[in-house]
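Have a look at the structure below before the remarks.
Laboratory data are not the source of any read-out in this text; all were calculated from the coordinates shown. Quantities reported herein were computed from a predicted structural model and do not represent experimental measurements. In this analysis, Cβ positions are derived from the backbone assuming ideal geometry, glycine residues included, and neighbour counts consider all displayed protein chains.
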Amino acid sequence: MQLSTKHLLGIKDLTPPDIQLILDTATQFKEVLQRPIKKVPTLRDVTIVNLFYESSTRTRISFELAEKRLSADTINFTASGSSVSKGETLLDTVNNILSMKVDMVVMRHSASGAPHFLAKHIPAAIVNAGDGINEHPTQALLDAFSMREHRGGKLEGLKVAIIGDIMHSRVALSNIYLLKKMGAEVMVAGPPTLIPPHIQKAFDIQVEYNVRKALKWCDIANVLRIQLERQNQVLFSSLREYSLAYGINKKMLDELDKEILIMHPGPINRGVELDSDVADSKQSIILQQVENGVATRMAVLYLLAGGREVS
């Protein structure tokens, strides 16, 4: 089987069979990562450039490791210290890189739609590693893989609460698209100022402003950090006030009549959206998300490169 698209620009563009194929392929690659030699020659003749115009730790390292595990040749590019600082355009930068015979571009950019722009102008396959406040598709895929792994192998019927700064989160949007496509129930929760006003009707999801009620409702809580770098106005009084009203602590989880999973895409602002005793608890699968990110990104790269046999 193959994906229905040449690029991974967003979850919005994927079909449910596409998502299922990626998650099933990631399961195979997770098995590869448990071997003593964690490497396959699958993409030995493929050259991938990691084009990061925005700071990143987890996503960038995860993609680099996925590429190395698949035996791809990789080129790492950062905007700082490059000709971008001299005024070179995005398209000129990429065309110069492509002249070196690159097959695939993994791109993170602060401008929403930047990967979509590239996909229209260059022949290489594009993987969106996060564009502005639009989408972060591989994060949603690894989140779904992690949910499926801990909840009986399926997403259908799961109750997932996405809690925090929904307004500025590309992770939230990609997760909503994916979970809805795969039959899960979705709720967003947080301060009214951090939840888009028409999101309930646009996506047919629930909205809750009381975090305790959201935790009581859900099977899984995917908690987001406050994205201060993307806010151009004051949307809540202080981080302390936010923590008191919307932060999650161990006492809140202990008061529930069930055990829910806690997720977070990172980086965590400890003591703000999550207390350390929650982030480090047995209910937290945050570190498993990081581990699953490599297998999921291996699956995406492998499928976009043509899906040759895993050995």
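Which length gain, in nm to one decimal place, applies between K213 and H121 when the Cα-Cα distance is subtracted from 0.36 nm times their residue separation? Each step should come with its number before you reach the end.
Numbers: separation 92, 0.36 × 92 = 33.12 nm, distance 4.69 nm.
That works out to 28.4 nm of additional length.
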Under the 7 Å Cα-to-Cβ spin-label approximation, I61 and Q288 lie apart by a distance in nanometres of 2.1
Could you work out the relative contact order of the chain, using alpha carbon pairs under 8 angstrom and six or more residues apart, expressed as a whole percent?
-> 21
By how many degrees, 0 to 90 and rounded to 10, does the Cα axis of helix 58-69 deviate from the longest principal axis of the chain?
-> 40
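Sort the following peptides by mean Cβ neighbour count (other Cβ atoms within 10 Å, averaged over residues), highest first: 166-172, 20-26, 4-10. If you can, show how the numbers build up before the last one.
On the way: 166-172: 23.3, 20-26: 20.7, 4-10: 18.9.
My ranking of the peptides, most packed first, is 166-172, 20-26, 4-10.
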Alpha-carbon spread of segment 116-181, three principal axes, descending order, Å = 41, 26, 16
Using only Cα atoms, tell me the angle between helix 170-181 and the longest principal axis of the chain; keep it within 0 to 90° and round to the nearest 10.
-> 90
Roughly how tilted is helix 286-304, in degrees to the nearest 10 and between 0 and 90, from the longest Cα axis of the chain?
-> 40
Give me the distance between the Cα centres of segment 151-179 and segment 1-19, rounded to whole Å.
-> 18
Could you tell me what percent of the DSSP beta bridges with both partners in the chain are antiparallel, to the nearest 5?
-> 5
Equivalent ellipsoid semi-axes, the chain, via Cα gyration tensor eigenvalues times 5, rooted, Å | 32, 23, 17
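Note the full-extension length gain between S238 and N95 as 0.36 nm times their separation in residues minus their Cα-Cα distance, in nm to one decimal. Let's see the in-between values first.
Values: separation 143, 0.36 × 143 = 51.48 nm, distance 4.45 nm.
Net length gain for the segment: 47.0 nm.
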Would you mind calculating the gained length between E255 and S281 on full extension (0.36 nm times residue separation, minus the Cα-Cα distance), in nm to one decimal?
-> 7.9 nm
To the nearest 0.05, what FRET efficiency results for I37 and Q2 with a Förster distance of 35 Å applied to their C-beta separation?
-> 0.80
